[in-house]
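S.K.: Supplied in structure tokens, the structure appears directly below.
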Amino acid sequence: MPNENRVYRLVDPFPPETAEERADELFDDVSGKLRDRPESRSTKAQLRAHLESADAAFQALHDWVMAGNPLPDPWRRFYEPRDSEADPGCV
């Protein structure tokens, strides 16, 4: 008789080894969800689910960056730290 209370977890066979790789995975997830659009004949529910999935991916990336973790490679390559004496009006 199968145990109905058993919990199964999906295990990533290739987990990221570094924080930079994790940042890249989060970025790639957002990019992929924004690039891959549902078909034009999708229902409103399918479109909403796709949008919510993209929003959740973006939120995960946002939380990662705001926690002070490394930026994803496409952003890391062009990042230049601000001077400590920067113009106060500059963001």
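Just so it is clear, none of the values below were taken in a lab; they were calculated from the coordinates. Just so you know, these numbers come straight off a predicted model, no measurement behind them. Note that we place each Cβ from the backbone using ideal geometry, even for glycine, and neighbour counts take in every protein chain shown.
S.K.: Do you know which residues across segment 39-86 are in contact with a Pro (Cβ under 8 Å, 6 or more places away or on another chain) and of a type outside the set (Lys, Arg)?
M.R.: Those that are in contact with a Pro (Cβ under 8 Å, 6 or more places away or on another chain) and of a type outside the set (Lys, Arg): Gln46, Leu47, His50, Leu61.
S.K.: When only residues in segment 33-85 that are closer than 16 Å to Ala23 by Cα and polar (S, T, N, Q) count, which is surrounded by the fewest Cβ atoms within 10 Å (Cβ to Cβ)?
M.R.: Taking the candidates together, the pick is Gln59.
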